[in-house]
Amino acid sequence: MAARPVNLPKVTGASELAYRIGAAARHPSNWFQLFKFGLVGGSGYLINLAVFALLIGILDLHHLVAAIGAFAVAVTNNFLWNRHWTFAAGAGAARFQAPRFFAVSLASLGLNLAVLELLIASGSVGDLTAQAIAVGVAMPFNFIGNRLWTFA
């Protein structure tokens, strides 16, 4: 006689997200994927900072406008690399992945801008340092959103 499947409790909402993150953390392949995401994110980070520095330094734009411009360039780089290399989701429909990636990225940008504004308003760090910190704060949210929703 075949074994009956165990009935597990249905997990929803925040507890489902916590369960999924915990389950993902136990698989070594996910850690390698996180490493690749970090490399892509690192390239996007450098691109973001370079474009930001260019926009505030040479074009003398306001720091929030410069952050949005830097985001636009970096998010394009990151989508292409994450789609084809990190998550190997090239076979998935870009018309579905791109809006999701952009939505996660916009949420991360919102967090980035809030942290950037708080740091600059405090007067404790300069524009470029504040942007570097703000991008670093937003990165974990970005990975989880893209791993669990965009390229799932």
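What follows draws every value from the coordinates through simple rules; no lab data is involved. All values derive from a computational prediction rather than experimental measurement. Glycine also receives a Cβ, built like all others from the backbone with ideal geometry; neighbour counts cover every protein chain displayed.
Computed values, structure above
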| item | result |
| --- | --- |
| Residue among S108, S29, S43 with the largest mean-square fluctuation in a Gaussian network model of the chain, springs linking Cα atoms under 10 Å | S29 |
| GNM top mover of F141, F32, F71 - the chain, alpha-carbon springs below 10 Å | F32 |
| Convex hull volume per residue for the range 106-152, taking Cα atoms only, in Å³ | 53 |
| Sites A53 and S122, calculated FRET efficiency, Cβ-Cβ separation with R0 22 Å, nearest 0.05 | 0.60 |
| Distance in nm between pseudo-label sites at A152 and L80 (7 Å out along the Cβ direction from Cα) | 2.8 |
| Kirkwood hydrodynamic radius of the chain, Cα pairs, Å | 17.0 |
| For the chain, calculated [θ]222 nm from helices alone, where every DSSP H run of n ≥ 4 adds -39500 (n - 2.57) | -25000 deg cm²/dmol |
| Gain on full stretching of the segment that runs from R26 to F102 - 0.36 nm per residue minus C-alpha separation | 24.6 nm |
